[in-house]
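Structure first, commentary second.
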2 protein chains.
Amino acid sequence: GHSGQALIGNAYLEGTYSEIYPEFTQDEQGLTMLCRLFSFPGGTSSHVAPEVPGSINEGGELGYSLAHAYGAVLGNPDLIVACTIGDGEAETGPLATSWQANKFINPITDGVVIPILNLNGYKIANPTILARISEDELIKYFEGLGYKPYIVNGEDQIKMHELMSKTMDEVILNIKNIKNKANLTNDSSRPIWPMIILKTPKGWTGLKSYKDKNIEGTFRAHQVPGSTGGKVDDPKILEDWLKSYQVDELFDKNGTLVSYLKEMSPKGNKRMSANPYTNGGLLLKELIIPNYDPYTLKFNKHGEITNSDMSVLGEYIKEVVKLNKNFMIFGPDEAISNRLNVVFDVTKRKFNGTIFEYDELLSNEGQVIDSMLSEHVCQGMLEGYILTGRHGFFHSYEAFIRIIDSMASQHAKWLKMCSELSWRKDIASLNYILTSHCWQQDHNGYTHQDPGFLNHLISKKSEIVRIYLPFDANTLLSSFHHIIGTKNYINVIVASKHESPQWLTTEEAKIHCAKGVDIITWAS
Amino acid sequence: GHSGQALIGNAYLEGTYSEIYPEFTQDEQGLTMLCRLFSFPGGTSSHVAPEVPGSINEGGELGYSLAHAYGAVLGNPDLIVACTIGDGEAETGPLATSWQANKFINPITDGVVIPILNLNGYKIANPTILARISEDELIKYFEGLGYKPYIVNGEDQIKMHELMSKTMDEVILNIKNIKNKANLTNDSSRPIWPMIILKTPKGWTGLKSYKDKNIEGTFRAHQVPGSTGGKVDDPKILEDWLKSYQVDELFDKNGTLVSYLKEMSPKGNKRMSANPYTNGGLLLKELIIPNYDPYTLKFNKHGEITNSDMSVLGEYIKEVVKLNKNFMIFGPDEAISNRLNVVFDVTKRKFNGTIFEYDELLSNEGQVIDSMLSEHVCQGMLEGYILTGRHGFFHSYEAFIRIIDSMASQHAKWLKMCSELSWRKDIASLNYILTSHCWQQDHNGYTHQDPGFLNHLISKKSEIVRIYLPFDANTLLSSFHHIIGTKNYINVIVASKHESPQWLTTEEAKIHCAKGVDIITWAS
Ligand SMILES: Cc1ncc(C[n+]2csc(CCOP(=O)(O)OP(=O)(O)O)c2C)c(N)n1
Ligand SMILES: Cc1ncc(C[n+]2csc(CCOP(=O)(O)OP(=O)(O)O)c2C)c(N)n1
């Protein structure tokens, strides 16, 4: 989430930054501009953001990195995502439950996430909880979550580089062995995946101490040590600190990275900041969108028949799922409740916990992720999935989708900024179908009523957010058919799942939906 | 969260329900009405709700039980809260991180939460993750979270009653020993608290099977087995099932609970449904609210001086904290960032992870909970704290408070329903101070901008929600002084923490705030 400086810095050193933004030249002038504009109004963001090549998230709000990572590796068997997680971030609810997303990963058909917990011990002004429990508890916690923790612990930079590199090799080997074995034996049951606990001092290599207080290795290293109210106290201290990196040996006298270091970096798309998975539009395969006419309800008189709008839509979605392996459906244990039953004729619930023979519809392959009661994980995985160039939607109860209000906001920001960046390619829209809406809550009652997600999204720009309120099966079909073909939107459909009268014929529905706003004279 | 039927049923059997709602008599007529109105429009809720005696939460939205429980035991050393958690609920983000709230519990000054994970294996239509990992992983997970798990596992009702009762005795003994030892040795460092894993079949004692499918022990037991579209398929099956409870032996021929069973229930306030902690207003001690005049900024000319509004407020809050041991401040690692520094002159950050000598401001006693980066836990613990009759506020960044949008909605519902129930006594308002607001984000930028929490709350009724936008220190002081004295509201103050011009004198601020809306002629 955070750490704009690290990502921007590395993208610049790898050359990607200058390729995209040629004004940031690989010399003193470009380097100076890069530093000057960092975290400055009108300049570059202090957190990871769309402007930063190699990023797939509008950072700042902590908690979603791991769910994004798991979404990214779904259906990408050769992808390994190293996901760095702050020990502060690890305390958020969304992150704490995202560890369990390893229960959806199939060692044959999916990629692998290597979570790297940066246990630097502190957050803004406090120690972190994971740093203040026993090592025994720490290890058990991750083992309990289904991981094999590798600990990389120390302060000596050279030794730590070696140790980290060695550990990474081991971890990758471990992953390759797991995958090979799964492929050879055709056994895709859940393995124990590795994760890394990286124990380093907070503010490592930064100011050691300042005004008689330790900085490195304490919470005081958060943000800008040696400064007060945004101003550096003593430029000399800053200079000494920065010079301690031996900048003279790293850059030549034009301010260009010395060539032997430049050559160490991977080339082209192998650079993390140029990885096409982080500009998902590059990888996007267009969705095959079937005609929905065969799925509409046919009748002669308005209101003549009743049906469940969502059940009717389910038949169409089944066809979409069948035609597109890169289309996934996410929901918090509600696929059946939301009447998507027939979809299970052609796919399964993807789940890789223990599966018993008597289980229904579960399989470690499948295009529905429905077996985790977490709106956060559904949203985060869907984001990761579409940001890496795929398609899908999230279905949920209208009242409880508010749980991810803030995540939807951050994605809206992402889309808005991307629309201003020509190098960011179009990605599929983030689609919601909300059922159990507040006007059909006779059985669950007040606890399940809150239509406020629309109120939330309607305040965003119309170039980003689209809202659909289909009132019968045919308008629902038309709306859904439309949204899955759009790009770069957040689309919300509120739909009914209860048996109810059907109003518009196929043709009428098309005309109505094309209009957007309409007066239905015979009904008013 | 859920399970209205269990709570309503028990409240009725304990007599509390009839005491509060005399029309629900302890006879056939009352019992019939109780059943008829359950989960019916205009009747009783299907989930726990304010109308149910013994509840402290508007249920339905899962994920908050454990944070509420931990909030309730803060500062209540003799209180033991048994918190039942569905294994589905345990998958939500808020719940997954709430386990860590044991890092705030002081064995001398606080009460104890006994989390009871009801590992019944299923949620709506899926197995649960915790039921589909190895027992080794399950136990490590809870040990890693700092608990000692007690497993209660079985299907035989009589044996299970015995086992549960025995386990409860052990657990209580364990708790008493921990507390005694802590008191005797005056050592309040974090003990390993017990928790219970209760492994029972889902839908236990319900329909065994139906139409060749197992019901008991499967997800099919969720909601109303043997029914289609809200209607019972075969009344005979329902009748047999209900009769299997030997109702004739439990109720006399008037439909009144037989006396030997009635006598088994505790009396008066010892009944869970009559526990005064669940009607917190009964226990509320009025806050001592100091005069804020001594804390206002004094100046002669509008805009003459600058200051940080939040820093000025901090001095006043320090006084409130000093005068009121039943006042707590919650925030996600932001107390210093939000300029509450001086509050630490009189109290500490309450934290019961490992504390080192060089740590600042940490102690296992204190009125500030600031050491966990989770907006969900802050909100949940504050709710639990005020719902059991105490006072406090939650400070957070304006953009990220949206993380708890849905929790705020549920609390608003709670307050609205309570206002219609005369037996529910007034509780302190749920107060927010939001800083880092969207108009002062030059440094963090777009990632930290979202003023939508106000947009969210403004859609609630004005009898429930109040919003304050003080624009300098004196209006902030006046607003804060006002809100902490109110009851049954959700109050939101948006405040600035950055050095900025000061506009209104003490008297002007008072007049302005009393008006609510105002035209400041000299400034326009
Ligand atoms: C959801 C959320 N709440 C609060 C913040 C404010 N905040 C910014 S950084 C930070 C501490 C992060 O600590 P950690 O994840 O350990 O990262 P580190 O800086 O130590 O690498 C906090 C609380 C935030 N960014 N997001
Ligand atoms: C946040 C949220 N998301 C989804 C739902 C819909 N829902 C209602 S009950 C349920 C399953 C709960 O399972 P569990 O917690 O194991 O309780 P059980 O019924 O098995 O006792 C779900 C997903 C909800 N109530 N709250």
Could you say whether any residue in segment A:35-49 is surrounded by 23 or more Cβ atoms within 10 Å (Cβ to Cβ), more than 24 Å from residue A:260 (Cα to Cα), within 14 Å of another protein chain (Cβ to nearest Cβ) and within 16 Å of ligand 2 (Cβ to nearest atom)?
no
Select from segment A:395-409 the residues that are open to solvent by 10 Å² or more (accessible area, probe 1.4 Å) and in contact (Cβ under 8 Å) with a residue 60 or more places away in the chain and write down the one among them that is farthest from the other protein chains (Cβ to nearest Cβ).
A:397
Would you mention how many residues in segment A:397-435 are among the aliphatic types (A, V, I, L, M) and within 30 Å of residue B:413 (Cβ to Cβ)?
10
Does residue B:262 satisfy the condition of being surrounded by 11 or more Cβ atoms within 10 Å (Cβ to Cβ), more than 16 Å from ligand 1 (Cβ to nearest atom) and of a type in the set (Lys, Arg)?
yes
Residue in segment B:137-149 that is more than 16 Å from ligand 1 (Cβ to nearest atom), assigned to a loop (DSSP other than H, G, I, E, B) and surrounded by fewer than 20 Cβ atoms within 10 Å (Cβ to Cβ) present:
no
Subset of segment A:106-136, residues under 30 Å from residue A:186 (Cβ atoms) and either within 16 Å of ligand 1 (Cβ to nearest atom) or open to solvent by less than 10 Å² (accessible area, probe 1.4 Å) (or both), comes to A:106, A:107, A:110, A:111, A:112, A:113, A:114, A:115
Unmet criterion (only one of (1) within 12 Å of chain A (Cβ to nearest Cβ); (2) surrounded by fewer than 21 Cβ atoms within 10 Å (Cβ to Cβ); (3) out of contact with any His (no Cβ under 9 Å at 6 or more places or on another chain)) for residue B:308
(3)
The number of residues in segment A:329-345 that are more than 10 Å from chain B (Cβ to nearest Cβ), away from ligand 2 (no atom under 15 Å from the Cβ) and open to solvent by 10 Å² or more (accessible area, probe 1.4 Å) is 3
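Among the residues of segment A:454-475, count how many are in contact with a strand residue (DSSP E or B) (Cβ under 7 Å, 6 or more places away or on another chain) and either open to solvent by 50 Å² or more (accessible area, probe 1.4 Å) or outside any loop (DSSP other than H, G, I, E, B) (or both).
At the first step, the residues of segment A:454-475 found to be in contact with a strand residue (DSSP E or B) (Cβ under 7 Å, 6 or more places away or on another chain) are A:454, A:457-458, A:464-470, A:473.
If we keep only those that are either open to solvent by 50 Å² or more (accessible area, probe 1.4 Å) or outside any loop (DSSP other than H, G, I, E, B) (or both) too, we end up with A:454, A:457-458, A:465-469, A:473.
Within segment A:454-475, residues that are in contact with a strand residue (DSSP E or B) (Cβ under 7 Å, 6 or more places away or on another chain) and either open to solvent by 50 Å² or more (accessible area, probe 1.4 Å) or outside any loop (DSSP other than H, G, I, E, B) (or both) number 9.
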So which residues in segment B:448-466 are charged (D, E, K, R) and within 16 Å of ligand 1 (Cβ to nearest atom)?
B:450
Which listed residue is within 12 Å of ligand 1 (Cβ to nearest atom), among the small types (Gly, Ala, Ser) and assigned to a loop (DSSP other than H, G, I, E, B), from A:75, A:63, A:54
A:63
Subset of segment A:15-29 [more than 24 Å from residue A:224 (Cβ to Cβ) and open to solvent by less than 30 Å² (accessible area, probe 1.4 Å)]:
A:15, A:16, A:18
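What tally of residues in segment A:378-406 results from selecting those that are more than 16 Å from ligand 2 (Cβ to nearest atom) and of a type in the set (S, T, N, Q)? Quick ask: steps written out before the conclusion?
Taking segment A:378-406 and keeping what is more than 16 Å from ligand 2 (Cβ to nearest atom), we get A:383-393.
After this cut, where a residue has to be of a type in the set (S, T, N, Q) as well, the list is A:388.
Number of matching residues: 1.
Out of the residues in segment B:78-88 that are away from ligand 2 (no atom under 13 Å from the Cβ) and part of a loop (DSSP other than H, G, I, E, B), state the one that is farthest from the other protein chains (Cβ to nearest Cβ).
Only one residue tops the list, namely B:78.
Pull up segment B:358-394, narrow it to residues that are aliphatic (A, V, I, L, M) and assigned to a helix (DSSP H, G or I), then point me to the one that is nearest to the other protein chains (Cβ to nearest Cβ).
Among residues in segment B:358-394 that are aliphatic (A, V, I, L, M) and assigned to a helix (DSSP H, G or I), the one nearest to the other protein chains (Cβ to nearest Cβ) is B:377.
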Return the residues of segment A:346-366 that are hydrophobic (A, V, I, L, M, F, W, C) and surrounded by fewer than 16 Cβ atoms within 10 Å (Cβ to Cβ); say none if nothing qualifies.
A:346, A:356
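Tell me, please, whether a residue that is of a type in the set (A, V, I, L, M) and under 19 Å from the mean Cα position of the chain (by Cα) can be found in segment B:7-30.
yes
For segment A:92-105, give me each residue that is in contact with a helix residue (DSSP H, G or I) (Cβ under 6 Å, 6 or more places away or on another chain) and either open to solvent by 10 Å² or more (accessible area, probe 1.4 Å) or touching a residue at least 40 places away in the same chain (Cβ under 8 Å) (or both).
Filtering segment A:92-105 for residues in contact with a helix residue (DSSP H, G or I) (Cβ under 6 Å, 6 or more places away or on another chain) gives A:93-98, A:101.
Correct list: A:93, A:94, A:97, A:98, A:101.
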Just to be sure, is residue B:32 open to solvent by 10 Å² or more (accessible area, probe 1.4 Å), away from ligand 2 (no atom under 14 Å from the Cβ) and within 28 Å of residue B:420 (Cβ to Cβ)?
yes
Flagged in segment B:349-403 as touching a Phe, Trp or Tyr at 6+ places or on another chain (Cβ under 7 Å), of a type in the set (A, V, I, L, M, F, W, C) and under 23 Å from residue A:95 (Cα atoms), in numbering order, are B:351, B:369, B:378, B:381, B:382, B:394, B:401
Just for segment A:390-445: of the residues that are away from ligand 1 (no atom under 16 Å from the Cβ) and β-branched (Val, Ile, Thr), which one is nearest to residue A:460 (Cα to Cα)?
A:401
If the requirement is being surrounded by fewer than 18 Cβ atoms within 10 Å (Cβ to Cβ) and within 16 Å of ligand 2 (Cβ to nearest atom), which of these qualifies: B:205, B:200?
B:205
Residues (within 15 Å of the chain's Cα centre (by Cα) and in a loop (DSSP other than H, G, I, E, B)) located in segment B:412-439:
B:427, B:429
Looking at segment B:496-524 only, could you name the residues that are charged (D, E, K, R), at pLDDT 95 or above and more than 36 Å from the chain's Cα centre (by Cα)?
B:507, B:508
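The values are calculated or read from the model by the stated rules, or taken from the named source; none is laboratory data. Being a predicted model, the structure only gives us computed values, none of them experimental. Methodologically, a virtual Cβ is constructed for each residue, glycine included, from the backbone with ideal geometry; neighbour enumeration extends over all protein chains shown. Heads up: the accessible areas ignore ligands, DNA and RNA and are worked out on the full protein's heavy atoms, side chains in. Shrake-Rupley method; radii C 1.70, N 1.55, O 1.52, S 1.80 Å.
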